[in-house]
Amino acid sequence: MTENGAHGPIHQSRQAPSKGASNVSDSRPLTTSRVDPTSCREHSDVHKRSASNAEGEISPYQPRPPSLPKLPKSNTISVSVEETVRTSRLRNSQESLSDPVETGSSTDSLSEDQAAPDPGGFVPIRSDRDSMTRPRSAVATGSPVSRDRGRSLSEYETRPRSQQSDPTDHRARPAKARLSPVRPTGTLPALEESFASATLRAAKSIDRDCVDYAVLAGEKLGERLPRNLSDSRHLDNMGSDGASVNSMRSTYSVLSPIRPQDVRNRSFLEGSVLGSGALLGAEELDRHFPDRRVGIYVATWNMQGEKGLPSNLDDLLLPTDSEFAQDFYIIGVQEGCPDKKEWETRLQETLGPYYVMLYAASHGVLYLTVFVRRDLIWFCSEVEHATVTTRIISQIKTKGAVGIAFTFFGTSFLFITSHFTSGDAKVYERVLDYNKIIEALALPKGLPDTNPYRSTASDVTTRFDQVFWFGDFNFRLCKDRVDVEAVMNRTVGGEMGPLLEHDQLCKEMKEGSIFKGFQEAPIHFLPTYKFDVGCDIYDTTSKQRTPSYTDRILTRSRQADDIHVVKYTSCSSIKTSDHRPVIGIFQVKLRPGRDNIPLGAGQFDRSLYLEGIRRRITRELKRREAMKSQSSSSICTVS
């Protein structure tokens, strides 16, 4: 074969050999000792015919190179270094010509090569190490394709710069070696029934912080997990807008791209429930809450004005028997500790960096604090609060109520914590306290009423979709202490019906004189008042107060079955007060909203957030130091 074959350097001028020229022009010695003479003659004849076609004779068909001689299976015949180099060049050239994606030549040589398709199929080329199939293309020395490839570079350079291909185009990459796929040696492990990811769901696991309430139930029933932010549907819904899909994925991650025209036209002063792109609309709501339910954690506690706080509030906010953390944490305190800021810092330290304090309000020693999962703060409206005192002298702020109101998506919430008049026989005064609060609590102020046709001016609880009222209502059990303790001793399995038959609040609610439209979950815990501080024994003082259910959590919703009770119990591990805290976990139905709701713009108490994180870090460092010192102080003895 001639040195100026199809795969020589393309920048050198090539001239087809004459009809009588020799097939071998390289004077370097060959290392091949045995070559089939018949195969050599076939090569010589083919190249002569190719050379004659190159001088002007038109062949009715595209010339084809003959099949290379088959090497024996044994490795007794060696191949020359020069032949190996030419074979690799031939292989690379054929790959670049046959592969439309990995072409290293200019567009001229490609178009001419594609204009004369190879009718001959594939010819196997075998070596002593591998075996692969290559397309049979025009690789002879005098073929028109070879001559055109030789002059393709010069034509490319003479073109205008606008017609030259982009060197960074991924379709013009040089040919690369292709390795055979690696196959596993053993069998692959079987996949589980549900292996979908549940990342970035709005409902949270205490430890993993990414699983919804219905995930475990859905897995047990074999249901498919709902899609979320990490799903590929957001990439599928992307509009190209003249850009490639790869570019959008790398630029916008999983978020849908925003077109400039949408930015120009979108107004958040007025929105629609069904509007595309509405921040509080149905599309955004379904993305964060596929089942349209949000988790609410409510805690109420009469702290008895103690200065010393519990060493750990995990049992109050993160009980071990709860599998999931919630989206909102609302904590109401009566007779709170003197240092309100310290109390809020302890709450932030307990909830950690996953939550931020949305709002806090107080009325004397009544504290109401709202924490929200930080991912959801953008969907909260501005927060409003109001206070009411039930004392005759308004300066005394030990009895009364604090209310906080806001809108989340299209659902309005009202949280009230209150402290009613104390005394076993003062039922009427407590009813008066309730009536004064619902009439005087001035909410909402600037927030729009989501359903004004069902609102009443004389009752604040009718002006919101979901209402949670909790606190120390001071309603007692109308029974002697001896009888109450006897009933508690006979109680089996948490059945408190015999006790609740004597409860003042249950009686007044049945008569309709208080908490109209409110519901309370069944009670399966012991009375939360009154204990001796630091123990589980009820009042041993001279007054011998009767144990009672003074601390309660009640709910009201405009639509039936909007509030589902998950848990309603007391926290018996916190004993720094004569009251036991009462906690309730709820799942609340959400509805899409309009963008005309004034948003809170993601505001929260940043200094409190940073202080809580700092304390958590300090606590963790101290714990590790204690473990380190404990392990280093151990003494080994040899007996």
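Odds and ends about this structure:
- Per-residue Karplus couplings for the range 299-306, computed as 6.51 cos²θ - 1.76 cosθ + 1.60 with θ equal to phi - 60°, are listed in order as 9, 10, 7, 8, 7, 6, x, 5 Hz, Gly and Pro entered as x.
- Residues whose amide H comes within less than 5 Å of that of L358, counting only those at least five positions distant or on another chain, are V370, F371, V372 (H built at 1.01 Å from N in the peptide plane).
- Computed from the C-beta positions of R624 and D532, the FRET efficiency with R₀ = 56 Å rounds to 0.95.
- Virtual spin-label span in nm between A442 and W378, 7 Å along Cα→Cβ: 3.5 nm
- Carbon plus sulfur fraction of accessible area for the range 542-639, probe 1.4 Å, in percent: 51 percent
- Cα gyration tensor category, rounded, prolate or oblate, for the range 367-444 with a/c compared to 1.5: prolate
- Each residue of the range 571-618 gets 195 Å³ once the volume of the Cα convex hull is shared out per residue.
- Alpha-carbon spread of the range 477-555, three principal axes, descending order, Å: 37, 26, 22
- Rounded, prolate or oblate (a/c below 1.5 giving rounded, otherwise prolate when a/b exceeds b/c) for the range 558-639 by Cα gyration tensor: prolate
- Modelled FRET efficiency - R0 25 Å, T491 with K567, Cβ distances, 0.05 increments: 0.80
- Of all accessible heavy-atom area on the range 393-489, the percent that carbon and sulfur account for (1.4 Å): 53 percent
- The apolar share of the surface of the range 302-388, taken as the fraction of accessible area on carbon and sulfur atoms (1.4 Å probe, ligands and nucleic acids excluded), comes to 45 percent.
- Here the 3J(HN,Hα) profile of the range 518-523, calculated from phi with Karplus coefficients 6.51, -1.76 and 1.60 at θ = phi - 60°, is 8, 10, 10, 5, x, 9 Hz, Gly and Pro shown as x.
- In the context of the full set of protein chains, the range 283-436 has a per residue accessible area of 34 Å² (1.4 Å probe).
- Label separation (R615 vs S513): 4.3 nm, computed from points 7 Å beyond Cα along the C-beta direction.
- Ratio of the Cα radius of gyration of the range 481-625 to 2.2 N^0.38 Å, where N counts its residues: 1.43
- N302 long-range amide H proximity, modeled H, under 5 Å: Q334
- The orientation-averaged projection of the convex hull spanning the C-alpha atoms of the range 518-559 amounts to 3.9 square nanometres.
- Rolling a 1.4 Å probe over the protein heavy atoms gives the range 453-605 an accessible area of 44 Å² per residue.
- For A325, the amide hydrogen comes within under 5 Å of the amide hydrogens of K204, S205, I206, counting only partners 5 or more places away or on other chains and with H modelled in the peptide plane.
- Each peptide among 526-534, 613-621 gets the average number of other Cβ atoms lying within 10 Å of its residues, and from highest to lowest they stand as 526-534, 613-621.
The values are calculated or read from the model by the stated rules, or taken from the named source; none is laboratory data. Quantities reported herein were computed from a predicted structural model and do not represent experimental measurements. Quick reminder, even Gly has a Cβ in these numbers, built from the backbone with ideal geometry, and neighbours come from all protein chains shown. Note: accessible area is taken over every heavy atom of the protein model, side chains too, but ligands, DNA and RNA are not part of it. Shrake-Rupley method; radii C 1.70, N 1.55, O 1.52, S 1.80 Å.
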